[in-house]
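The values are calculated or read from the model by the stated rules, or taken from the named source; none is laboratory data. Quantities reported herein were computed from a predicted structural model and do not represent experimental measurements. Glycine gets a Cβ as well: all are built from the backbone with ideal geometry, and neighbour counts include every protein chain shown. Ligands, DNA and RNA are stripped out before the accessible areas are found, and what is left, the full protein with its side chains, is counted by its heavy atoms. Shrake-Rupley method; radii C 1.70, N 1.55, O 1.52, S 1.80 Å.
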Amino acid sequence: MSNPPSDKLVLESPGGSPTVSQQNDKTDASSPSGVARWITSLVLWPWLPWTLCMSYYVAQPPLQWPIGGWLSCVLFAIGVHQRVHRHPGGFTKRELLSAWLAASVMWLALLQGIRLAFWPLTAGWIALSLYLAIYVPVAFVIATSLRRWFRFPLPLSCAVAWTTCELIRSYMLTGFAGCTLAHSQTPWPVMLPLASHFGGYGIGFMMMLTGGWLVERVVEFRSQVRGENDRSVNAKDPAGRSTKGVKSVTEESENENRFPSRSSKWDRFSHSVTSFTIALWLSSSILGVRARDAYIEGQKPIKPLGRFLLVQDLMPTMFEATQELVDRGWAQYERTTRSAAHDALQSGPVDLVIWPESVFAGTAPYMIWDRGPNVPSQLNMDREKLDVVYRNLSLTHLAKLQRLTKVFDGRPPKFLMGTDVWNVHDGELQRYNAALWIDPSERAAAGSESESEFYAKNHLVMFGEYIPILSWIPGAMQALGLGELASGKEPKAWRLANGTRVAPSVCFEDFVPHLMRSHVQRLIRSGSSPDVLVNISNDGWFRGSSILDHHFNSAILTAVENRMPLLVASNTGITAWVDGDGRVVKRLPKMEAGWILAEPVPDGRVGWWAWWGDLPVRGVAAIGLLPCISWFFRRFRSKGN
């Protein structure tokens with residue numbers, strides 16, 4: 001591959017007079033106004049990272065302007081191009097620090113809602129933001145290294161570098177896959193179909209590829225214009241004498257360095273492949289969505305998978321709750337469910353009622369006990385006292401269920417309720433954040449002592465359900481007012497009377513794309529293939545902030561990746577019904593009580609994401625880590641020498 005264009009110019013022509021390029025530079029320096037100069041400086045180092053992060057911020061909630069995501073891709077490519085062509089020596093520490101500081105401010109603004117949950121999370125909010133900010137300068141370093149050392153085209157360098165960082169942060173420290181480039185595009189469902197094949201990573205890759213392609217095209221066009229101007233003007237010197245056949249140093253340098261696409265077949269090939277790939281992606285996305293809409297329209301009426309009642313209200317969170325407030329919140333959910341049932345039953349029976357995370361428990365968890373002789377030390381009670389507690393909790397649970405079944409006038413549906421589960425087995429206590437499956441008909445047949453099935457949350461939230469290091473110290477979590485939660489190991493899917501299978505997730509589990517895919521595929525292999533995904537959450541911790549929107553964006557992407565309708569029931573919001581195309585069919589406002597009667601239809605599609613997951617993205621990340629591997633290898637050799 002030929003050398004990239006060079007922006008270096010000589011000071012004088014061979015005759016001693018200023019070159020045309022130098023004259024143009026002087027003109028350019030004197031003509032723009034102060035405002036124009038200031039605007040130009042925003043896309044130059046060291047201010048470029050700040051402009052990029054501002055664009056990225058407006059692309060995410062609370063503003064959620066999708067065009068900002070595209071602009072940030074263009075700015076990233078501009079930054080890589082400038083660094084490679086104007087400063088061959090690489091980044092200075094000051095520039096990398098500037099990029100990290102800009103990203104830190106961006107992440108602190110995006111995630112500021114975390115601090116609203118309770119006071120220890122202020123430290124977690126700051127730590128998480130400063131950690132995530134590292135990936136912006138790292139992406140710049142990887143992209144420039146791929147461009148300079150491995151001669152990658154600019155679009156591919158940007159796409160590989162950014163995708164590598166998104167994948168790593170999705171796994172590192174239990175994973176944070178929120179606020180990616182793909183999430184910025186959720187208001188435009190036409191941009192989302194690629195996620196069913198390559199996950200959200202594929203959308204981010206193509207956006208960066210497009211941004212790099214645009215910058216590359218502009219650079220090539222400007223180089224051609226400058227070259228033509230220099231050749232036409234240099235045909236005569238200032239005195240009017242012809243200089244045809246005489247090459248200045250500037251012209252030789254520009255002819256050698258500014259037109260790599262004309263001197264390299266590989267460059268022309270890479271440009272063609274990139275252009276074709278972008279055109280194929282955009283056209284297939286637009287035409288695919290239109291074809292899907294036409295197909296659905298032609299199949300109507302389509303029998304729904306069931307009638308699901310999603311309930312949202314305002315239950316106080318743990319640290320602000322008293323027994324009175326919790327009882328009042330539970331009663332509010334009961335009243336909202338009663339109103340929802342009255343409205344829904346007018347058009348037919350309800351198959352499943354869904355309450356958000358933790359709401360059903362109130363202050364009384366659902367308890368399972370094997371009645372063994374040993375008592376867990378965490379409970380600080382003897383066996384006789386444990387027996388009394390167990391019976392009281394069982395009676396409380398039964399009373400709650402009876403109150404809800406009366407709402408449906410003798411035709412009770414099944415219930416999927418968010419609750420805390422205490423499982424006492426062999427003298428050990430396991431506390432779970434769980435989704436409880438209640439089938440009143442089976443319970444009536446088996447008796448009141450029968451146990452309900454539950455799904456135990458598999459993926460715990462850092463700083464919320466566990467704190468690194470502190471969770472390893474006995475009693476440290478209790479001192480902060482937090483209990484020690486155990487994580488579940490298996491996904492679950494339950495069957496409705498009509499045969500539809502429902503697979504639950506709890507809280508921010510849909511923030512982790514590889515976890516959701518793993519759940520679906522494990523259920524398929526076990527013969528319990530789900531038809532509908534359900535997420536129950538308690539986002540009341542974040543008091544209506546943009547964290548609720550970030551969470552909802554992840555749910556939208558989860559629906560597209562797995563090509564299944566997804567239902568969200570969340571305390572304080574956002575409760576919604578999303579189809580397999582990522583379209584929001586219905587949603588409730590934040591911080592308001594309400595309900596949604598969802599009637600999702602089968603999707604029937606299976607994308608490549610279901611088969612290979614993020615394996616192709618791991619291959620991209622392996623390429624992105626080549627500069628790191630090369631650096632370590634060269635450092636090892638230098639030490640050996």
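Rolled with a 1.4 Å probe across the full set of protein chains, the surface gives R411 an accessible area near 130 Å². Here the spin labels are modelled as points 7 Å beyond Cα on the Cα-Cβ line, and at E297 and S284 they lie 2.4 nm apart. Across L496, L97, the residue with the most accessible area heads the list, and the full order at a 1.4 Å probe is L97, L496. Once the Cβ-Cβ distance of F276 and L625 is raised to the sixth power relative to R0 = 45 Å, the FRET efficiency obtained is 0.95. For W369, nonlocal amide neighbours, meaning residues 5 or more places apart or on other chains whose placed amide H falls under 5 Å from its own, are V424.
For segment 542-610, dividing the convex hull volume of the Cα atoms by the residue count gives 74 Å³ per residue. A 1.4 Å probe, protein heavy atoms only, puts the accessible area of E465 near 20 Å². In this calculation the C-beta distance from I524 to S41 is compared with R0 = 51 Å, giving a FRET efficiency of 0.40. Scaling the Cα radius of gyration of segment 110-232 by the globular reference 2.2 N^0.38 Å produces a ratio of 1.36.
Calculated FRET efficiency, R605 to E428, Cβ-Cβ distance, R0 = 60 Å: about 0.85 to the nearest 0.05. In terms of accessible area, using a 1.4 Å probe and ignoring ligands and nucleic acids, L567, L314 rank largest first as L314, L567. For the residue pairs K300/K492; K303/K586; K385/K414; K489/K586; K300/K590, the alpha carbons lie more than 28 Å apart in K300/K492; K385/K414; K489/K586; K300/K590. With each label modelled as a point 7 angstrom along the Cα→C-beta vector, the T363-D382 pair spans 2.6 nm. Calculated accessible area for segment 74-181 comes out at 35 Å² per residue, all protein chains present (probe 1.4 Å; ligands, DNA, RNA ignored). Place a point 7 Å from Cα of Q112 in the direction of its Cβ. Which residues in segment 544-582 have their backbone N less than 15 Å from it? So the set is 544-548.
Evaluated on segment 319-444, the Kirkwood hydrodynamic radius is 15.9 Å, with distances taken between all distinct Cα atoms. When nucleic acids and ligands are ignored and a 1.4 Å probe is applied, M381 ends up with an accessible area of around 50 Å².
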